[in-house]
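Trainee: Pasting in a structure now, in structure tokens, and then I'll have a few things to ask.
Each reported figure results from applying straightforward, stated rules to the coordinates on display, with no laboratory input. Everything quoted here is computed from the prediction, not taken from an experiment. Using ideal geometry, Cβ is built from the backbone for each residue, glycine included, and neighbour counts are taken over all protein chains shown.
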Amino acid sequence: MSAGQIFVWELLGTGMLTLLGCGVVANVTLRHSLGHNGGWLLINFGWGAAVFIAASVAAPSGAHINPAVTIGLAINGQVPWSQVPAYLAGQMIGATLGAFACWATYKAQFDTHDNPENTRGIFCTAPTVRNTPWNLVTEIIGTFVLVLWIILSPSAHAGTEGIPQFGNSALGYAAVMFVVIGIGNSLGGPTGYAINPARDFGPRIAYALLPIKGSADWSYSWIPVAGPIFGAVLAGGFARMLPLT
């Protein structure tokens, strides 16, 4: 597949991811939305469904929709490093555009919400207890689980360059959906489980550019980028040491 094709499919898939993922948080957060106060489980299942739909859209490129997945697979030798820039560019631009689309969907609700400047959490993550080293550790561990699962899933042994298919692509996308839900329910409480640099940084850029007048909290923004990347490096490196064949 050419770099241009990878870029387009990853842009579309990651855009769908943040449109729907940020959308479920907006639905729960914004006062004049039918999902208001729907709770953490609704958010987790909404993000899981967003992963399923986004991965289905990005199937032609392997459905990475996450720079951490791309990097982990590249380290494990499943994706050529020459293709990585196209993946990352598509993911970052797509994530930003998807966040803008989410805001447009809920524009009236943003306008009528109490303190709309305090809605950054719809777009990007933040820790419940700010502690830089441990916030970083949380993101590393969550991403390690995700990327290692993708690498070690049965069809990965045949050289799958993305989400495993288990003989049927829809089953693979459903499986990673439940992995994401599981990570959110078990490990997402401390930081909101970015586990995807594009998913956090792209919407954070969108939030900073939108007429909401809130702080994007750039001092924290590097953690949901560096943590997932480091977690992916650990997962890819660890997988290379395992006797998979």
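Trainee: Once you measure Cβ to Cβ distances between cysteines in the chain, which Cys have no partner under 4.7 Å?
Mentor: Cys with no partner Cβ under 4.7 Å: 124.
Trainee: How many percent of all Cα-Cα pairs in the stretch 34-100 sit more than 14 Å apart?
Mentor: Result for the distance tail: 65 percent.
Trainee: Mean-square fluctuation check for the chain, GNM, Cα pairs under 10 Å: which of 193, 87, 106 is largest?
Mentor: 106
Trainee: Scale the Cα Rg of the chain by the rule-of-thumb value 2.2 N^0.38 Å and send over the ratio, two decimals.
Mentor: Computed over Cα atoms of the chain, the ratio equals 0.95.
Trainee: Next up: How high is the relative contact order of the chain, in percent, with contacts defined as C-alpha pairs under 8 Å that are six or more residues apart?
Mentor: Relative contact order for the chain comes out at 29 percent.
Trainee: Distance between Cα centroids, the stretch 61-97 to the stretch 197-233: provide it in whole Å.
Mentor: Here the answer is 17 Å between Cα centres.
Trainee: In nm, what is the difference between 0.36 nm times the number of residues separating residue 82 and residue 131 and their Cα-Cα distance?
Mentor: 14.0 nm
Trainee: Just grab the label-to-label distance for residue 49 and residue 3, each label 7 Å out from Cα along the Cβ direction, in nm (one decimal).
Mentor: Those two pseudo-labels are separated by 3.8 nm.
Trainee: Please build a GNM for the chain, connecting alpha carbons under 10 Å apart, and tell me which residue among 60, 197, 211 fluctuates the most.
Mentor: Per the Cα network of the chain with a 10 Å cutoff, 211 tops the list.
Trainee: Would you mind ranking 102, 22 by Cβ crowding within 10 Å, fewest neighbours first?
Mentor: Exposure proxy ranking, most exposed first: 102, 22.
Trainee: Here's another thing I want to ask about it. Starting with the fewest neighbours, write out 134, 9, 149 ranked by other beta-carbon atoms found within 10 Å of each beta-carbon.
Mentor: Sorted ascending by nearby Cβ count, the order is 134, 149, 9.
Trainee: Same structure again: Take the chain, mark every one of the trypsin sites (Lys or Arg not before Pro) that falls in a DSSP loop and has at most 12 other Cβ within 10 Å, then report the longest stretch left between them, sites excluded.
Mentor: So the longest stretch without any such site is 32-212.
Trainee: How far is it, in nm, from the label point at residue 117 to the one at residue 31 when both lie 7 Å from their Cα along the line to the Cβ?
Mentor: Distance between the two pseudo-spin positions: 1.6 nm.
Trainee: Pop out the ³J(HN,Hα) list for the stretch 197-202 in order, Karplus 6.51 cos²θ - 1.76 cosθ + 1.60 with θ = phi - 60°, rounded to Hz; leave Gly and Pro as x.
Mentor: For the stretch 197-202, the Karplus curve yields x, 5, 4, 8, 6, x Hz.
Trainee: Based solely on its DSSP helices, what 222 nm [θ] is calculated for the chain when runs of n ≥ 4 H residues each add -39,500 (n - 2.57) and the sum is averaged over all residues, nearest 500 deg cm²/dmol?
Mentor: Helix-only estimate at 222 nm: -21500 deg cm²/dmol.
Trainee: For the chain, modelled as a GNM with alpha-carbon contacts under 10 angstrom, which of 185, 66, 118 fluctuates the most?
Mentor: Result for the chain, Cα springs under 10 Å: 118 fluctuates most.
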